[in-house]
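Working notes, structure below.
The values are calculated or read from the model by the stated rules, or taken from the named source; none is laboratory data. From a predicted model like this one, the values you see are computed outputs, not experimental measurements. Cβ sites come from the backbone with ideal geometry, for glycine too, and all protein chains shown count toward neighbours. Remember, those area values only see protein heavy atoms, side chains included, never the ligands or the DNA or RNA. Shrake-Rupley method; radii C 1.70, N 1.55, O 1.52, S 1.80 Å.
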Amino acid sequence: MRIAIMGAMVEEIEPILVRLDPALSPESELAHILQNMQNIRLHTIAGNRYFEARYKGHEIFVAYSKIGKVFASLTASVLIEHFKCEKLLFSGVAGAINEELKIGDLIAATKLCQHDLDITAFGHPYGYVPEGKVYVESDANLRRIAQEVAKEKGIALKEGIIATGDQFIADPARKEWIRKTFDADALEMEGAAVAVVCDAYDVPFFVLRSISDAADMDASFDFDAFLKSSSRISADFIISMLDRIVA
Ligand code: ADE
């Protein structure tokens with residue numbers, strides 16, 4: 001099977017690459033990874049790097065898109081159109097909306113929406129454009145696998161609605177607006193874009209996020225402080241899911 005694993009930032013995918021290539025040491029960063037890759041092949045397409053690894057008899061394609069919906073759509077499209085990936089797993093960090101979510105906690109998206117998509121001037125709801133839909137649902141089978149993995153690891157994996165937009169949210173008022181408009185539990189900057197692309201291609205997808213901040217006044221400080229640790233928590237979980245998918 002050909003499986004895509006993507007993130008938005010290099011910090012979100014480094015821990016995945018390290019797990020796919022035994023030649024890499026646990027804390028390797030991209031420069032070190034590029035020098036020491038043995039199991040991984042590198043492709044460059046449209047300005048992004050795609051890492052191809054053979055893992056337990058399957059082809060795994062790993063990439064980081066860069067931040068935001070446009071770059072995320074491009075990467076998801078290349079993973080599907082060019083590399084013919086049959087499933088896509090997204091790993092990364094998010095800002096918490098739901099107060100039950102604390103830094104380092106995991107949330108799996110049940111469905112995703114674009115909080116910054118607005119043609120309400122024409123009488124449409126927020127997040128909607130004609131021939132689109134406000135919410136795109138993630139794959140039920142991948143969510144079931146995630147819950148099995150969570151049970152095995154003794155982790156409480158929360159499920160909920162993830163809202164995506166091309167804005168870093170560090171503002172309690174904007175966060176509250178997103179919560180009440182979309183009933184969202186967490187927010188980030190790529191998930192719904194990936195969801196729209198996968199849905200259009202009928203490719204099953206899963207979006208996992210570990211909380212890095214609470215999208216409040218402290219968000220930029222917390223994001224910098226917890227990007228790496230939360231990215232690793234999400235990446236470790238995704239690798240466990242991969243192990244179950246390829247078993
Ligand atoms: N990803 C992680 N934290 C975020 C925030 N506060 N806003 C947007 N994307 C994020």
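Observations
- Along the chain, counting only GluC sites (Glu not before Pro) with a DSSP assignment other than H, G, I, E or B and at most 10 other Cβ atoms inside a 10 Å radius, the longest segment between sites is 132-247.
- Placing unit charges on the Cβ atoms only, positive for Lys and Arg and negative for Asp and Glu, gives region 86-219 a dipole magnitude near 320 debye about its Cα centre.
- Net charge of Cβ neighbours under 15 Å - reference Gly160; Lys, Arg +1; Asp, Glu -1: 0
- In region 76-126, trypsin sites (Lys or Arg not before Pro) in a DSSP loop with at most 11 other beta-carbon atoms within 10 Å: Lys102
- Both radii are taken from the alpha-carbon atoms of the chain; with Rh as the Kirkwood radius, Rg/Rh is 0.95.
- Considering only alpha-carbon pairs that sit under 8 angstrom and 6 or more positions apart, the relative contact order computed for region 2-246 is 27 percent.
- Here the extension length gained between Met217 and Leu42 equals 59.1 nm, from 0.36 nm per residue of separation less the Cα-Cα distance.
- Accessible surface of the chain, 1.4 Å probe, proportion on carbon and sulfur as whole %: 52 percent
- Proximal charge balance of Phe226 [Cβ under 13 Å; K/R count +1, D/E count -1]: -3
- 5 angstrom amide H check on Phe90, placed H, neighbours 5+ away: Met6, Phe206, Val207, Leu208
- When the Cα positions of Gly123, Ile155, Gln35 are compared along the charge dipole of the chain, Gln35 comes out farthest toward the positive end, with charges on each C-beta of Lys, Arg, Asp and Glu.
- Residue with peak Gaussian network fluctuation, the chain [Cα springs, cutoff 10 Å], from Ala225, Ala94, Ala63: Ala225
- Taking amide H atoms as placed 1.01 Å from N in the peptide plane, the amide H of Asp213 lies under 5 Å from those of Ala94, Ala96, each 5 or more residues away in sequence or on another chain.
- For the chain, modelled as a GNM whose springs connect Cα atoms under 10 angstrom apart, the maximal fluctuation among Ala200, Ala31, Ala96 occurs at Ala31.
- Checking the cross-link pairs Lys56/Lys102; Lys84/Lys180; Lys66/Lys180; Lys56/Lys175; Lys133/Lys153; Lys56/Lys133 against a 31 Å limit on the alpha carbon distance flags Lys56/Lys102; Lys84/Lys180; Lys56/Lys175; Lys133/Lys153; Lys56/Lys133 as lying beyond it.
- Using a Gaussian network model of the chain in which every pair of alpha carbons under 10 angstrom is joined by a spring, one finds that among Thr75, Thr120, Thr181 the greatest mean-square fluctuation is at Thr120.
- Electrostatic bookkeeping for Val78 treats Lys and Arg as +1 and Asp and Glu as -1; over the other residues with beta carbon under 12 Å from its beta carbon, the sum is +1.
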